[in-house]
Amino acid sequence: MKQFFKKVLASAIGMFLGLLAALIFIPLVIAIFVKGMQGRIEPIEDKSVLLLDLHGRLVEKARPLDFDFFSRSPFSDDERGTGLYELTKAIDIAKKDKRIKGLYLQIGHIEAGWATTEALRRAILDFRTSEKFVYAYSESYDERTYYLATAADKIFMQPNGDIEFNGLEMISPFLKGLFVKLDVQPRIFRVGKFKAAVEPLILDKMSDENREQSKTLVDDLWTVVKTEIAGPRKLSPEAIDLLAEGLKISSAEEALAAKLVDQLAFEDEVKDLISQDTVGIDEDPEFVTPGQLLHNLGIETTTGKNKIAVVFAEGEIVGGSGDLDSIGSREFVETLDEARQDEDVKAIVLRVNSPGGDALASDVIWRELAITDKEIPVVSSMGDVAASGGYYIAAAGREIFAENATITGSIGVFGIMFGMEDFWAKKFAINFDRVVTHPYSDIGSSTRPMTEAEQARIQSDVERVYTRFVSVVRDSRKLDKDLDPGMFAEGRVWSGTRAKTLKLVDHIGGLQDAIKRAAELAELGDDYELETYPKPEEPFQMLFELVSGETARSIFSREGLLREVRNAVGGFPFTSGVYARLPFDLHVH
């Protein structure tokens with residue numbers, strides 16, 4: 001029997017070591033192979049067509065191949081994603097490259113916010129000024145992908161495909177009933193009647209204030225969408241509304257009859273048409289990818305004396321170290337300092353795509369950006385979301401750019417704690433007792449009721465953070481000191497369009513517009529190059545972090561697990577603390 005257990009133990013150890021070796025060395029071999037293949041990318045032929053295979057997640061900037069998947073949670077099916085920055089850069093290169101005769105949009109299911117879609121669409125429209133053709137094809141369309149497709153000269157659709165064209169909707173989960181069943185009491189502290197992040201915990205439907213701001217936001221987005229669809233399709237916005245109201249469009253034939261698409265065709269037929277426009281009927285077109293263009297011509301060079309640093313801030317804001325899906329205040333400050341210490345960097349563009357997060361971490365980042373702006377110009381550019389803490393850090397910019405569809409504002413603060421005493425006692429018959437040195441030594445404990453004095457103290461702390469937030473916005477945006485905060489704050493969420501009228505942003509435009517403005521403020525003219533931050537880690541550094549256990553600890557830590565649970569049920573924080581965060585994870589479909 002002893003020998004049997006020895007063999008089992010030896011086999012288990014062998015399997016573990018083998019698995020560990022596979023996890024470490026197989027990706028290493030793949031990375032080295034990919035690195036070697038990068039020098040073998042096929043050259044670009046004359047009469048080529050840029051192919052944009054648009055499906056999956058669009059992120060601000062492409063993430064490195066190498067070992068980044070080690071830092072991804074095992075509980076998430078999130079993909080690395082395609083970078084908007086790289087896509088728009090490739091489109092601009094193709095516009096100027098005489099070898100590129102056109103652009104082919106192969107559209108699938110896209111996971112992107114409306115501002116990202118708006119920015120990509122604008123880049124495609126700019127490509128068309130070169131008088132090269134743009135064709136769009138999809139098997140099926142929804143409002144977002146169709147909106148993108150209307151940037152093309154011609155829109156094609158699979159003959160048996162379908163189209164969803166019934167307007168936009170926003171759905172939020174409400175968990176009050178669940179907490180009642182669990183005997184858990186959410187303890188809520190907030191400032192701002194529109195700060196709705198806590199509503200899913202304490203209500204079973206939207207408050208009147210939340211419904212008002214949500215309806216206004218969705219209406220604003222739809223106004224942008226229907227107006228920009230109507231122009232290229234030679235329809236009125238009112239006609240677009242009628243199509244959406246009556247469920248009149250569902251099949252490919254109905255889309256064609258309504259003049260939403262130009263032709264029903266299978267993909268091979270679309271490619272035949274592209275052949276006719278480029279190399280001739282009897283030849284296949286030469287398709288090139290954005291990667292090929294960027295590899296051949298270079299996405300950016302940093303050899304000159306004048307640089308503009310584009311610093312990406314994407315994800316939730318947290319204190320200390322962040323990861324691929326969050327902005328860590330300590331790491332961000334280090335990144336900003338690295339850019340600022342480069343004497344060749346003459347201006348910084350902060351690209352924000354964040355719903356906010358930790359209020360103190362947001363203040364730390366804001367301060368560092370404000371210091372930087374005293375030395376060199378800082379211009380903020382907002383992506384899909386720059387709300388609450390995301391707006392907090394953007395406010396440090398000398399000027400702010402937003403898309404029409406950017407979700408911003410949410411200038412409010414909240415705190416969450418949970419009363420778990422009934423949960424433990426009633427569900428598991430567990431009670432807690434304690435000894436303390438002072439009356440409030442265990443303030444905030446989830447294992448006992450909270451006194452009125454404790455609640456008042458915590459509410460006071462939340463109000464103090466809110467006062468600081470409003471003060472930062474007033475000073476940064478140079479708002480009238482007598483202006484009622486209810487006019488721009490109170491936790492209300494705004495579209496980029498409305499934020500401009502409220503003077504929360506300066507310009508409607510994208511990242512490239514912000515870069516041009518930063519160059520003007522730094523008096524660089526056209527004599528500058530771009531450098532992006534944070535810089536990707538080297539593969540061997542990431543491997544070292546894996547072996548040393550840092551990544552594993554970040555994945556399996558209590559905070560990491562709580563973050564996964566939080567994301568699964570709608571994005572609000574489970575952990576205690578004071579937050580400057582978007583009232584909800586906004587998904588408008």
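The values are calculated or read from the model by the stated rules, or taken from the named source; none is laboratory data. From a predicted model like this one, the values you see are computed outputs, not experimental measurements. Backbone-built Cβ (ideal geometry, glycine too); neighbour counts: all protein chains shown. When the accessible area is computed, the model is the full protein with side chains, heavy atoms only, and any ligands, DNA or RNA have been set aside. Shrake-Rupley method; radii C 1.70, N 1.55, O 1.52, S 1.80 Å.
Brief remarks follow.
- Filtered residue count, region 471-505, keeping only those that are open to solvent by 10 Å² or more (accessible area, probe 1.4 Å) and at negative phi: 21
- Exactly one residue out of SER410, SER445 is surrounded by 13 or more Cβ atoms within 10 Å (Cβ to Cβ) and within 30 Å of GLY397 (Cα to Cα): that is SER410.
- Members of region 92-122 that are open to solvent by less than 20 Å² (accessible area, probe 1.4 Å) and farther than 13 Å from GLU143 by Cα: ALA94, ASP97, ILE100, GLY102, LEU103, TYR104, LEU105, ALA115, THR116, ALA119, LEU120, ARG121
- Check on VAL465, open to solvent by less than 70 Å² (accessible area, probe 1.4 Å), assigned to a helix (DSSP H, G or I), touching a helix residue (DSSP H, G or I) at 6+ places or on another chain (Cβ under 7 Å) and at negative phi: yes
- Considering region 44-73, and only residues there that are touching a helix residue (DSSP H, G or I) at 6+ places or on another chain (Cβ under 7 Å), modelled with pLDDT under 80 and in a loop (DSSP other than H, G, I, E, B), the residue that is most open to solvent (accessible area, probe 1.4 Å) turns out to be LEU65.
- Unique match (being open to solvent by 50 Å² or more (accessible area, probe 1.4 Å), modelled with pLDDT under 95 and either hydrophobic (A, V, I, L, M, F, W, C) or not in a loop (DSSP other than H, G, I, E, B) (or both)) among GLN512, GLN541: GLN541
- Any hit, region 354-365, residues being open to solvent by less than 40 Å² (accessible area, probe 1.4 Å), of a type in the set (S, T, N, Q) and at negative phi: yes
- Odd one out for GLY525 among (1) surrounded by 15 or more Cβ atoms within 10 Å (Cβ to Cβ); (2) within 16 Å of LYS307 (Cβ to Cβ); (3) small (Gly, Ala, Ser): (1)
- Residue ranges of helices (runs of 4 or more DSSP H) in region 196-301 with at least 1 members β-branched (Val, Ile, Thr) and over 26 Å from GLY113 (Cβ atoms): 199-202, 267-278
- Residue match in region 215-223 (condition: over 17 Å from GLU169 (Cα atoms) and acidic (Asp, Glu)): no
- Scanning region 134-158 for residues that are assigned to a strand (DSSP E or B), in contact (Cβ under 8 Å) with a residue 40 or more places away in the chain and surrounded by 19 or more Cβ atoms within 10 Å (Cβ to Cβ) yields TYR135, TYR137, TYR141, ILE155, PHE156, MET157.
- Yes/no for GLY161 being surrounded by 15 or more Cβ atoms within 10 Å (Cβ to Cβ) and either under 19 Å from VAL493 (Cβ atoms) or not polar (S, T, N, Q) (or both): yes
- Members of region 180-238 found to be in contact with a Lys or Arg (Cβ under 9 Å, 6 or more places away or on another chain), surrounded by fewer than 20 Cβ atoms within 10 Å (Cβ to Cβ) and among the small types (Gly, Ala, Ser), listed by number: SER207
- Filter result for the condition that a residue is at pLDDT 50 or above, among the charged types (D, E, K, R), in contact with a Gly (Cβ under 9 Å, 6 or more places away or on another chain) and under 24 Å from THR335 (Cα atoms), over GLU520, GLU529: GLU529
- Taken over region 164-179, the residue count meeting the criterion of being open to solvent by 60 Å² or more (accessible area, probe 1.4 Å), assigned to a helix (DSSP H, G or I) and in contact (Cβ under 8 Å) with a residue 12 or more places away in the chain is 1.
- Residues within region 318-353 that are of a type in the set (A, V, I, L, M) and either open to solvent by 20 Å² or more (accessible area, probe 1.4 Å) or at positive phi (or both), tallied: 3
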